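The values are calculated or read from the model by the stated rules, or taken from the named source; none is laboratory data. Everything numeric here is computed off the predicted structure, so don't read it as measured data. Backbone-built Cβ (ideal geometry, glycine too); neighbour counts: all protein chains shown. When the accessible area is computed, the model is the full protein with side chains, heavy atoms only, and any ligands, DNA or RNA have been set aside. Shrake-Rupley method; radii C 1.70, N 1.55, O 1.52, S 1.80 Å.
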Amino acid sequence: MLPHRVSHAIPAAAGPVVFLTGAGISAESGIPTFRGPEGFWRVGSRNYQPTEMATAVAFARMPAEVWRWYLFRRGVCRSAVPNAAHRALVRFEERAGDRFLLVTQNVDGLHLRAGNSAARTYQIHGNADLCRCMRGCRPTVRELPAMLPETWEKERPLNDAELAALRCECGEWLRPHVLWFDESYDEPLYRYVSARRAAEMAAVLIVVGTSGATSLPAQMCETVAARGGPLIVVDPEPTVFSALAETSARGVYLRGTATEIVPELTEALGALALGRGD
Ligand code: NAD
């Protein structure tokens, strides 16, 4: 059934098979998306949305609270394990080699922990396991200080030693290596140019579990749709991307969860896209 539905979208032409993943692919690993009810964060008597917490403005005003939020979220990510959809992308990369590219908005690191290669995985919003100096000291990107526990109780404030560990040698704050909502993409830190180029060259773009609220994924989908390229969207709920797929000549919307669809889809893509001319 699935091979039949995607077969008309798959080109004979060579080019990378590009996957674009969002929070939805990790939802079945137990990591909440930003759309769900668990999204807000309480500071004192006020509830903040992720779009308020994940900003340079919030960090400038309340760095310890923003760190507490990230350390809690990082703990949720560290406790999660890759699911069947992550594993299917690893099998696909093993089969496709250099024809595989993965662009992920997720900061949970689950694609890399599942076994996808760092070289072919563009973490366009960063990684919650990493940090960097606010002033830009080198090394630019580094692991979080080892003394910080991997999991974090929601209400626990950081103590003085933990706050001191989150300072660069220069005295400035270390910050999470995550693209904040009031910041811009770039190539050195977030692979902006590489991700755009991937969309321009893609033999097919497969979008899994992203609502369409962020700009680079939107640009990638529009690039593929504008040139009549194949666009496959997997999501249990309709999104701007599923609407784009349904109105584009070689678009397909597969309604369902990542673990329901992605393993079968990658098998079908392997046979259809990689079977030819490889
Ligand atoms: P989003 O929360 O805006 O949207 C998630 C999408 O996933 C929705 O369209 C939803 O219908 C879909 N979804 C829910 N359950 C699913 C499932 N089981 N299978 C497939 N799809 C499912 O998330 P977004 O579009 O990725 O972007 C928002 C921002 O949130 C990004 O900047 C991202 O970095 C950040 N974020 C990351 C994580 C993570 O790293 N796991 C978690 C939450 C948010």
Inter-part gap, Cα centre of segment 225-249 to Cα centre of segment 108-125, in whole angstrom, is 24
With +1 on each Lys and Arg Cβ and -1 on each Asp and Glu Cβ, and nothing else charged, work out how big the dipole of segment 1-148 is about its Cα centre, in Debye to the nearest 20. 240
Charges at C-beta only: +1 for Lys and Arg, -1 for Asp and Glu. How large is the resulting dipole of segment 151-211 about its Cα centre, in Debye rounded to 20? 300
Magnitude of the charge dipole, the chain, Cβ model with Lys/Arg +1 and Asp/Glu -1, debye to 20: 220
Rank Gly97, Gly24, Gly115 by mean-square fluctuation in a GNM of the chain with C-alpha springs under 10 angstrom and give only the top-ranked residue. Gly97
May I ask you to give the percent of accessible area on segment 204-278 that is carbon plus sulfur, with a probe radius of 1.4 Å? 52
Springs between alpha-carbon atoms under 10 Å, Gaussian network over the chain: tell me which of Pro139, Pro230, Pro16 tops the mean-square fluctuations. Pro139
In terms of the charge dipole of segment 162-278, which places +1 on Lys and Arg and -1 on Asp and Glu at the beta carbon, the residue among Thr239, Leu179, Ala202 farthest towards the positive end is Ala202
Along segment 97-106, Karplus-curve 3J(HN,Hα) (6.51, -1.76, 1.60; θ = phi - 60°) to the nearest Hz, with x for Gly and Pro, reads x, 5, 8, 9, 9, 10, 10, 10, 8, 7
For segment 24-31, in residue order, the Karplus 3J(HN,Hα) values (coefficients 6.51, -1.76, 1.60; θ = phi - 60°; whole Hz; Gly and Pro = x) are x, 6, 9, 4, 7, 8, x, 9
Can you give me the long-range amide H partners of Ile232? Hydrogens built in the peptide plane at 1.01 Å from N, cutoff under 5 Å, separation of 5 or more residues or another chain. Leu205, Ile206, Val207, Val252
I want the antiparallel fraction of DSSP beta bridges within segment 146-278, as a percent rounded to 5. 10
What accessible area, in Å² to the nearest ten, does a 1.4 Å probe give for His86? 0
Mind running the shape call on segment 170-278? Use the C-alpha gyration tensor, a ≥ b ≥ c as the square roots of the eigenvalues: rounded below 1.5 for a/c, prolate if a/b tops b/c, oblate otherwise. prolate
Work through the residues other than Thr239 whose Cβ is under 12 Å from its Cβ and net out their charges, Lys, Arg +1 and Asp, Glu -1. -1
Accessible-area order for Glu155, Glu222, Glu65, largest to smallest, probe 1.4 angstrom, reads Glu155, Glu222, Glu65
At R0 = 30 Å, how high is the FRET efficiency between Glu94 and Ser7 if r is their beta carbon distance? Nearest 0.05 is fine. 0.85
Over the chain, what portion of Cα pair distances is larger than 23 Å, expressed as a whole percent? 53
Provide Thr104, Thr151 ordered by accessible surface of protein heavy atoms (probe 1.4 Å), highest first. Thr151, Thr104
Antiparallel bridges, percent of DSSP beta bridges restricted to the chain (to nearest 5): 30
Might you tell me the accessible area per residue for the chain, computed with a 1.4 Å probe and given in Å²? 44
Summed over the other residues with a beta carbon less than 14 angstrom from that of Glu153, with K and R at +1 and D and E at -1, the charge totals +4
May I ask which residue of Gly30, Gly270, Ala118 lies farthest towards the positive end of the charge dipole of the chain, with charges of +1 (Lys, Arg) and -1 (Asp, Glu) on Cβ and the Cα centre as origin? Ala118
Once the other residues with Cβ under 11 Å from the Cβ of Phe92 are scored (Lys, Arg +1; Asp, Glu -1), what is the net sum? +2
Run the 1.4 Å probe and let me know the accessible area of Glu267, rounded to the nearest 10 Å². 100
Quote the accessible area belonging to Asp186 in square angstrom, nearest 10, computed with a 1.4 Å probe and with ligands, DNA and RNA left uncounted. 50
Among Trp69, Pro82, Gly109, which residue has its Cα furthest toward the positive end of the charge dipole of segment 28-126, with +1 on Lys/Arg Cβ and -1 on Asp/Glu Cβ? Trp69
In segment 57-167, carbon and sulfur make up what percent of the accessible area (probe 1.4 Å)? 52
Separation of the Met147 and Glu52 label points, Cα + 7 Å toward Cβ, nm: 3.2
